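The values are calculated or read from the model by the stated rules, or taken from the named source; none is laboratory data. A quick note: this is a predicted structure, and the numbers were derived from the prediction, not measured. With ideal geometry, Cβ positions are generated from the backbone for all residues, glycine too; neighbour counts draw on all protein chains shown. The protein model used for the area step is the full one, side chains on, heavy atoms only, and it has no ligands, DNA or RNA in it. Shrake-Rupley method; radii C 1.70, N 1.55, O 1.52, S 1.80 Å.
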Amino acid sequence: MYDFVVLLGPAALTKAVGEAVLLPCVVKGYPLPIIRWMLDGKVINESDGRFAVIGGGVLQIVNLTERDAGTYSCQADNGNETIETQAQLTVQVPPRFLKKPSNIYAHEAMDITFQCEVSGSPAPTVKWLKNGDAVIPSDYFKIVNQHDLQVLGLVRSDEGFYQCLAENEAGNIQASAQLIILDLDVALPTSTVPSLTSATTDHVASGLGERSGLTPSAPRDVVASLVSTRFIKLTWRPPAEPHGENITYSVFYSQEASNRERVQNTTAPGEMQVTIQNLIPDTKYTFRVVASNRNSQGESSTPLTVATQPEVQVPGPAPNLQAVTVTPTSVTLSWERPVTGNGEIQTYKVYYSEKGQDSSEQDIDVVGLTYTMTGLKKFTEYSFRVVACNKHGPGVSTEDLAVQTLSDVPSSAPQNLTVEVQNSKSIMIRWQPPPPGTQNGELTGYKIRYRKGGRKGEATEIMTTQLSQLIDGLERGTEYSFRVSAITVNGSGPATEWLTTETFESDLDESQVPGVPSSLHVRPLVNSIVVSWTPPENQDIVVRGYSIGYGIGNPHAQTVKVDYKQRYFSIDNLEPSSHYVITLKAFNNMGEGIPVYESAITRPASAPDPSPMLPPVGVQASVMSSDTIKVSWADNSLPKNQKITDSRFYTVRWKTNIPANTKYKVTNTSSLTHTVTNLKPNTLYEFSVMVTKGRRSSTWSMTAHGTTFETLPTSSPKDVTVVSKEGHPRTININWQPPTEANGKITGYIIYYSTDVNTEVHDWVVEPVMGNRLTHQIQELTLDTMYYFKIQARNSKGMGPLSDTVQFRTLKGELTSTTLRSIFFLSLSDKPGITGSQENHILVIVIIVSVGVFTIIAVVVGAFLCTRRSNSHQKKKRAACKPTNGSHKYKSTSKDLKPPDLWIHHERLEMKPIDKSPEPNPVMTETPIPRNSQDPSSEAGHPRRNSFRGHEIEESVSTLAGRKGVRPKIMMPFDSQPPQRKCFECISLTLAQSHFSFVPFPLVFECHSSSENRSVRTQPPAPEPPVILTQPPSTTELQQTEALIKEEDPPSYKPPTAHVHPTHPMKSFAVPTVTVSAHNPPSSALPCTPLLAQPGAGVKTASIGTLNRARAPVAVTVPSAPDQTETSKMLPQKEAAYETDELSEEMAHLEGLMKDLNAITTA
């Protein structure tokens, strides 16, 4: 017994059509093997005269055809073993035309297409020539449908000869056609030119017939109703003189500075709108509309120039995209920053999908320029692309990059393992490869392990590259177990389960031919017959295979031999409607057995496929909501009632106009409408429809566009940052970025801030920001305080969600006068349980003591000066005060002072600092944080008058203040006083919670005069400029003033004090009054009121309260003396002057208050 090996096998060859080829197959072995040749797994029919096996195994093929290309296998079988060797035969076919270009007649501005469809092997390349020169593709010369040439917007210079040249390694061919451009007044040929576009075909159709009669006038009111970056929608009104019915329209348009004009026709008669697609962003185009009736085209409308919108400044493609496989399940991607970033790149989106699969594309956000993608399938090809995103959105995508992950050992075992006992000494085992998704690489072979007996038996290994293996040399009547595993370059994978069988005790009989097959069944088709059978009933006789013969009326016309394992076979390339006779015989080494016969008639050929269906028309996109658009259309192939009675269906596709989005989404429906849901708000979508009926389908319809409605923002502003303004520690700048999902045009932002992050959001301070500004400045914040900020965006539909809380602590700042006053007020409003550092307590005590000393000096000196000056000038004032025309005139140098006696209610009064700067950004609601805003309580309520001790008391209570829990104003009346010159001081004190303190305040002296005899209460005179002393008088000034007072007379009149009763448990005090001499007053009084009590002075007041509740300031109004008649007499009063004891008593009183203040501060 000799070795069974292949000495010479076939090799890969490349031959041209018509040549001959020899494929050798020399096998050595005993017994002499039987050689069979197969093409792509099918046994070669040697009855074909072009195929012949010569020299014992060499396959000769003459007159090669394109169908002869494929994989040829040589199988050698000696009865005990089968070996196989393969080779690839490539047949080169020169190019040949399937469709040649034809001559075209057209008018200027039309779009035409030269068709050129070729075939060949390898696939030929196609070039276009015009008058012998190569056609370079451009915006107007485009290659479509692989090889067709499309010319857009014809001009006279486009006329000429066009050649289609196709070539490959086997040869080349060429065909030519002529383009003839006719004048507009010359009718196109009546025969339809198949290479024309649909728009031109419509134009040809409208140009047929007699050109006589009236034509339409120019269409009116041509406007661009919708302008985008890459399309413009035009609408117009019909001509004033249509001169007929079924008017159609043609839109001619050209790019600025170009003489090439293009045309697009409306889809139906009477339609007065069209959408021009595929325009260039930020480019001017000129449009004109021409109406046509059955006679000819009419007048052109006035040209309309419209510029497309500029492209959103999104990033360009990321260059140098590379992918490196790291492991069988991971790939590392790298790229560079886009050359045209158009601003800061915020993130990159990496899109990936499994190539060749219908799986949807997935994406992931990446910050850097590299990313390692994990969790991929082993030995699988993926497609990657990268899109850079800035604040305007996603940019231009890179080209798809294909990369394959590394291979690995198979993750599953081979499938369908079977064993078949051949004889007493051999067993044939067969299997299928592991599932494609688990092979994890190219399979290099299989490992077979078999053993005799139980599991403890010693296993033998065999390596093979085939899907079957004959195991021989076995023992008779012995049990054997088999298992198979697949192998890649990385190693072997898991093995199958052990499969057990037993060899025969004796061999099968091959001393006679097999019996007749037990059954034969045939199933005729149009061009084939499927044959199936069962083996002979006598299983003790060896069957080596089956021979199938068939022919029209003759079963021996052609013969095919198949393996003994096969139970069915498809006879192909038959004639339709023909009667075939089929025979089947089993054979072995002794010969062929008895045949079985069957006949069948192939089915008749079906009618050729009809022309494609017409696409749907009148596609409309009706926006229903922010995420829903209803698409409707009409089908011209249906009856007029548009009722669907057959099995046709419609495919709707849609996508957005985002540059990075190039993929459509599709869905099928059996009605003429479809509602598309789950769309993005405020996004422009384009829709088109296709109809399918059986194997017939139409082209896509014209696109319709719709923009979904806006809705509330679904994301909050991002990247919120807070920074302090340089040089202004009380001012901060807050910056942010717009929300990612704005869902509409942002109309403004709302800034919330507070010092307590746990407070309800409606109690936070609100700062509105109008428009799309991304920064805002907030002033007059408290120093060294932690603030919390939130921002929400709003559009026309309402507010979006709040951003995450951002905290910021204001700076400590410089200790200016304003800073000291702020620290002072904050120290008074602190809770008793919260203490600061020892340095802050010392600083507060020093400030309080300094303020108290200055206050006491100012009060005492002011009272003393007013008293002395009033006494010295008493006589001079009486002489100067003489009535003239019912009025009183006084010398401008009069210096008599009369301070009022004020009871100060410590629970009711609050500090009212004078603020000269208006509020730059008034807030919308009450703010619990101190700000420069005008006090809302300054608006007077409804006055109420009560009689008290013969005088009127005016009280003003604000209704709004009462409703908000704000204390109302307190009106402090005074007794009637003589109409003399009066000056007094305005003193403001603040008491917050249970603390009491003195605050630095200005002394305001103000004098008024009146020239008419009228009520001061109803018509207050215009105040003179006040003199405000912001600092205590110096020693030199006091000495000069004292010297001047000594020259004056002592006071002779003591005005009554204000009738205001104290309610605070602490002792109240009054400013020492100044006495002057009494005299008969004139008919009108000259009031002297505090500057802060003048409602017309335009002075703002601010309140200082806690952060949780705003406290409105309490205004103290000092009314003037009531009017007196000419005959009224003033009661004589005693001259009064302050004695030393009285001043000492007041000083002791003030000193006691200071001690109480120190005790409170220390506590």
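Mind grabbing the accessible area of Trp736 for me, 1.4 Å probe, Å², rounded to tens?
0 Å²
What do you reckon, how do Val489, Val765, Val223, Val542 stack up by accessible area (1.4 Å probe), largest on top?
Heavy-atom accessible area, descending, gives Val489, Val223, Val542, Val765.
Keeping all protein chains in place, calculate the accessible area per residue for region 566-671 (probe 1.4 angstrom), answer in Å².
Result: 58 Å² per residue.
With charges only on Cβ, +1 for K and R and -1 for D and E, what is the dipole size of region 467-618 about its Cα centre, in debye, rounded to 20?
660 debye
Might you tell me the accessible area per residue for region 266-310, computed with a 1.4 Å probe and given in Å²?
With all protein chains present, region 266-310 gives 49 Å² per residue.
I want to check the label-to-label distance for Leu369 and Asp719. Put each point 7 Å from Cα in the C-beta direction and report it in nm to one decimal.
Result for the modelled spin labels: 1.9 nm.
Could you compute the FRET efficiency for Glu475 and Arg430, with r as their C-beta to C-beta distance and R0 at 25 Å, rounded to 0.05?
0.70
Starting from the Cα of Glu442, step 7 Å toward the Cβ, then list every residue of region 476-502 with an amide N under 15 Å from that point.
Taking a point 7 Å out along Cα→Cβ of Glu442, the residues of region 476-502 whose backbone N falls under 15 Å are 487-491.
Could you tell me what percent of the accessible area of region 28-120 is made up of carbon and sulfur, with a 1.4 Å probe and every protein chain present?
47 percent
As a test of the definition: which semi-axes, in Å, follow for region 1-139 when you take the square root of five times each eigenvalue of its alpha carbon gyration tensor? Largest first, please.
Whole-Å semi-axes of the equivalent ellipsoid: 50, 13, 12.
Which value, in Å², gives the accessible area per residue of region 343-477 when a 1.4 Å probe is used on the protein heavy atoms?
Dividing the accessible area of region 343-477 by its residue count gives 53 Å².
Put His147, His107, His728 in order of accessible area, largest first, 1.4 Å probe: what do you get?
His728, His147, His107
Based only on Cα atoms, what Rg/Rh ratio does region 306-418 have, Rh being taken as Kirkwood's radius?
Reported Rg/Rh (Cα atoms, Kirkwood Rh): 1.13.
Largest first, how would Arg648, Arg337 line up by accessible area (1.4 Å probe)?
Listed by decreasing accessible area, they come as Arg337, Arg648.
So, with a 1.4 angstrom probe, what is the percent of accessible area on region 589-677 that is carbon and sulfur?
54 percent
When you have a sec, figure out the Kirkwood radius of region 694-790 from all distinct Cα pair distances and drop it here in Å to one decimal?
One decimal place: 16.6 Å for the Kirkwood radius.
Going down the table (Lys349/Lys797; Lys725/Lys812; Lys378/Lys663; Lys425/Lys565; Lys663/Lys745; Lys680/Lys797), which pairs top 22 Å between alpha carbons?
Lys349/Lys797; Lys378/Lys663; Lys663/Lys745
Along the Cα→Cβ direction, 7 angstrom out, place labels at Ser519 and Glu502. What is the inter-label distance in nm?
According to this spin-label approximation, the distance is 3.0 nm.
To the nearest 10 square angstrom, how much accessible area does Glu256 have with a 1.4 angstrom probe?
Roughly 110 Å² of Glu256 is accessible to a 1.4 Å probe.
How much solvent-accessible surface does Asp48 expose, in Å² to the nearest 10, with a 1.4 Å probe and all protein chains in place?
60 Å²
To the nearest 0.05, what FRET efficiency results for Thr347 and Thr327 with a Förster distance of 35 Å applied to their C-beta separation?
For Thr347 and Thr327, the calculated efficiency is 0.85.
Using a 1.4 Å probe on the protein chains only, how many percent of the accessible area of region 435-479 belongs to carbon and sulfur?
It is 43 percent, rounded to a whole number.
Would you kindly state how much longer the chain becomes between Lys142 and Met38 on full extension, computed as 0.36 nm times their sequence separation minus their alpha carbon distance, in nm to one decimal?
Going from the current span to full extension adds 32.9 nm.
Between Thr759 and Thr460, what is the label-to-label distance in nm when each label sits 7 Å out along the Cα-to-Cβ direction?
If labels sit at Thr759 and Thr460, their model points lie 9.2 nm apart.
Toward the positive end of the charge dipole of region 343-401, about the Cα centre and with charges on Cβ (Lys, Arg +1; Asp, Glu -1), which of Val350, Val396, Val366 goes farthest?
Working it through, the farthest residue towards the positive pole turns out to be Val366.
Check region 24-167 and count each lysine pair with an alpha-carbon distance under 27 angstrom, considering only pairs eight or more places apart or from different chains.
9
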